[in-house]
């Protein structure tokens, strides 16, 4: 008996404020005008994708003490642009990254519940936590959270918000003109929550939304992050998109679900993926090399090296060799407001690997950084890309992909027109939306309240 | 009135204040009401589209961080009125792409929220609406709302207590700091900060991005915003005010003041008080308690446009609106009272009143429809044509931004050299 084909899930990531996004391309449009967001969202919806994803950072990035100016800078408010996108789409999920450190549960819960109402059940929340005092300088509390408390904060924030979402059962609004009863339960929305992070009580003021709560995303990669996802999330925004790494991550995280009383279908693994689509595989390969050179200019190469070296390298020639000095192993202070610098857990060892790679290929600093900072996930003709995507999903390296185009806003147009029809032909991708809510698109059962609100946790 | 008089008269600005099923507590029981749809996008889209068809300047959206309550400091447990609501900024954003001219002014409670988040949210509302955003700032003195956040205690005081004025003054001083921060953040990107200079590889000119370095009694905010300067430069800031302390907020911080006079003389008195407070504010440097005032002195802002709030019951025919008001009061079981004057009459009678009071210096009115959609349609299909017949209201939108509709220029960034 052959295993039935798994269905591929696809989503669109609005191009980010990092060097993946090629703003110097003549086709590159505005990163702030609503028309760009509407274009990408409508393309994703035309391609029957599950959702549009927005990242967020709450302080402009800095390097060497100056605002970083080589990448796209600036973005809109997540909730506001998602609510507006609900007006120009009808099925597409609307996923926003919202920080649990510099927000309070009552406000975030009412914003997500409102977005879910206003979109007819299409809201999703990527729960992230930052702890840095750098970002805290923009907020009332400053940098109050210790690094080792961030998952504790995220977990309790989500649990508290969930109590608020569940504080309305969904049957409280009677709106009976004749009897004059609008609200069937005067205590609707009652809650009380107290833990180390939050001590709040009262009544939540947004009645239950179509999905009950937004779909929950998690993006952390550490052991703690994976455990948090296995316990609480509906989907993971992962960075492991290749076959071997993807399968290992997939098996690890799905393997954690049983401990939390959950089944494998209740948590989707969706790696971020970039792509270069060409008429032929050879065309695509050539284009991919050109795009990588646009993404890593000489100046950008220096800046990326500085993020590993944790030193000012402005005196180095990007077309010359890597620095011979070792990275400064202290706290990374050269780049701030950027999650990726925290990925270099052993900078000295990474620098050694980079030097070995440079020596083996006789590569300049820029060339080696082009190699080590990631080629595109999918490169090829539409048929090649469709086959690769399906093969990875069938091999349980993922449940699908969150596509990150490098051109705003038209970077997904060709994918929608050429790759999606092939996935549909192969029987691994929907031709129409089957349901109305994002949970429907993701194949998740309706969310049920865990308990009546107001119970202490 | 002669044609010359009409030409001399300043334009009349009209807004409607949208809240639930309307402002009367029994409005949701009216035959045209849609009490089961109050949490849907379609409901709000139909109201704002109707307001735009009537060429109104803007709509406001009420909001609170607690269930609606008739009590000042606590929940009222009422089940016979609309309870539960959606976030006002998100409603405004949801209807923005469906409209083209009308201003969108959601309420934001400043007491428990972050000025950084609000600044980028309203800037983004300005982007998604093509320059039609405003924000009405509101303070919260409710202990129940404070408990929803658990971050601070709010002193419970009654108006007769000696501490009441201190508490209220503190909340409004904080609101002034909050507005100062959101305004600095809107200016923190100069209009031409995005340069996309391929030759040098720079996306922005970092010399045109500015730290705002605000430090006040309640918060410090470093900046710059993560959102570029919005289309209007400065979206409009509004506040509802009933007494001297909030009048001061209007005078120091707002572009639009909503006030509640009960006759033309009171309107004149309130406007005189606000103008005097504006003159005082011009004397002092900066606003609020904050430091870190940027080097470039602000151009004096024009005085706030003052709009009078009126609750309106409108029907054609003598006594019809008053009879409807009585019927709604009867359904609710008592007479509805409001901070604002309550008007019940024909669109023609309302037009008389609006033009009469306007002479006291009002820029216009924010009408609170007693019942939705009935009284809104009476405004757009009865009152507006009546005012147009008297040459007292626009016959078409004059512009596509809220500033253009209100005849306000687009200010330069305070940080621009």
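What follows is calculated from the coordinates using simple rules that are stated; it is not laboratory data. Since this is a predicted model, take the numbers as computed values, not measurements. Positions of Cβ are generated from backbone atoms using ideal geometry, with glycine treated the same way; all protein chains shown enter the neighbour counts.
Some points to look at:
- Scaled to the globular estimate 2.2 N^0.38 Å, the Cα spread of segment A:1-151, given as radius of gyration, is 1.18.
- Report summary: the helix-based calculation at 222 nm, which adds -39500 (n - 2.57) for every DSSP H run with n ≥ 4 and divides by the residues of chain B, gives -10500 deg cm²/dmol.
- Taking the longest Cα principal axis of chain B as reference, the axis of helix B:41-53 is set at about 80 degrees.
- Along its three principal directions, the equivalent ellipsoid of chain A from the Cα gyration tensor extends over semi-axes of 38, 27, 20 Å, largest first.
- Shown for A:365, B:70, A:49: other C-beta atoms within 10 Å of each C-beta, ranked fewest to most, produce the order B:70, A:365, A:49.
- Over segment B:138-189, relative contact order from alpha-carbon pairs under 8 Å, at least 6 apart, %: 31 percent
- Beta bridges per DSSP with both ends in chain B, % antiparallel, nearest 5: 15 percent
- Radius of gyration and maximum dimension Dmax of the protein assembly as shown, Cα, Å: 28.2, 94
- The relative contact order of segment A:359-457 comes to 19 percent, based on Cα pairs under 8 Å that sit 6 or more residues apart.
- Rounded to the nearest 0.05, the FRET efficiency derived from the C-beta distance between residue A:387 and residue A:280 at R0 = 22 Å is 0.95.
- Among beta bridges that DSSP assigns inside the protein assembly as shown, antiparallel share in %, nearest 5: 20 percent
- Counting only DSSP beta bridges whose two residues both lie in chain A, roughly 25 percent are antiparallel.
- With only the Cα atoms considered, chain B has a convex hull volume of 157 Å³ per residue.
- Projection of the Cα convex hull of segment A:81-196, averaged over all directions and equal to a quarter of that hull's surface, yields 9.3 nm².
- Chain A: angle of helix A:105-118 to the longest principal axis, Cα-based, in degrees nearest 10: 80 degrees
- Modelled spin labels at residue B:9 and residue B:326, positioned 7 Å past Cα toward Cβ, are 3.2 nm from each other.
- Relative contact order of chain A, taken over Cα pairs closer than 8 Å and 6 or more residues apart, is 25 percent.
- Value of [θ]222 nm, deg cm²/dmol, for chain A, DSSP H segments ≥ 4, -39500 (n - 2.57) each, nearest 500: -10500 deg cm²/dmol
- Crossing angle, helix A:382-394 versus chain A [Cα axis fit, 0-90 degrees, rounded to tens]: 60 degrees
- When the alpha-carbon atoms of segment A:297-372 are used, the pair Rg, Dmax equals 11.4, 34 angstrom.
- Taken along the Cα-to-beta-carbon direction at a fixed 7 Å, the label points for residue B:355 and residue B:244 span 3.8 nm.
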